[in-house]
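Working notes for the structure below.
The values are calculated or read from the model by the stated rules, or taken from the named source; none is laboratory data. Just so we're clear, the structure is a prediction, and the values are computed from it rather than from any experiment. Reconstructed Cβ throughout: ideal geometry from the backbone, glycine too, with neighbour counts over all protein chains shown.
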Amino acid sequence: MATQKINHQGSLCKTGPLPDFNQSLPMALLRARESVMRKFMPALQAHGLSAQQWRVMRALHEERAQDLSTLAEVCYLLKPSLSRIIRNLESRGLISRLVDPRDQRVSVVSISPEGVRLFETVLPYSELQYAHITNKFGATKLQQLYELLEQLVADLDESDQE
C-alpha cells in the first residue's frame, strides 16, 4: 500500500510502499545502536554511568566547559533529561557548575578533576570496544558508514530547510 506525505506546498503526495516494520530505517538504526551500545554498557555500568552520562562526560572532557543549552544540543539530549544528568554528576563530584559571569541566567558546566579521573579510567574500555567493532566490521566499512550517516543527516536537515 502506498503511503502519503505532505509536500512543501501542503499537498499530499505518494511516497511508495511503507517498508515492513523491521525493515524501516528508524528500526534499522535502532537495532544498530543497540548492538553497538551492548559493547560499551558493561564498562559504563561497572563505573556507575549510563550511556547518556558518559556522553555528557565525554563532551565535557573534549570541550572542558559548556553552557547547558550547547551541551544539550551537542549530546542530543532534551534539556529536562540533561538537567537530571547534571544534578547526578554534580552530586557525585564528577562535574562542577558555575554561573556565567557575563550572563547570570546561564549555567556553565565543566568536568571536575574527579570526573577526569573517572573518564580516564573508563576510556581504555571504550577504546577497546571501538577496536573490536573496527576489527569485526572493518575500518573501511566503518568509515563509509560514518560518512553515509553524516550525509543522511545533512540531506535530511537540508530538506527541512526547504
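Things to note:
- Single residue of region 13-39 satisfying the filter (in contact with a strand residue (DSSP E or B) (Cβ under 9 Å, 6 or more places away or on another chain) and either modelled with pLDDT of 75 or more or surrounded by 10 or more Cβ atoms within 10 Å (Cβ to Cβ) (or both)) that is farthest from R55 (Cα to Cα): C13
- Scope region 144-162; condition more than 18 Å from the chain's Cα centre (by Cα) and either under 30 Å from E90 (Cβ atoms) or without any contact (Cβ under 8 Å) to a residue 24 or more places away in the chain (or both); matching residues: Q144, D155, E158, S159, D160, Q161
- Filter result (part of a loop (DSSP other than H, G, I, E, B) and either in contact with a Lys or Arg (Cβ under 6 Å, 6 or more places away or on another chain) or within 17 Å of T121 (Cα to Cα) (or both)) within region 48-96: G48, L49, S50, R92, G93, L94
- In this structure, V122 does not satisfy being outside any helix (DSSP H, G or I) and either modelled with pLDDT of 95 or more or more than 25 Å from L25 (Cα to Cα) (or both).
- Count of residues meeting criterion [surrounded by 12 or more Cβ atoms within 10 Å (Cβ to Cβ), within 30 Å of L98 (Cα to Cα) and either in contact with a Pro (Cβ under 8 Å, 6 or more places away or on another chain) or free of Cβ contacts under 8 Å to residues at least 12 places away in the same chain (or both)] in region 118-141: 1
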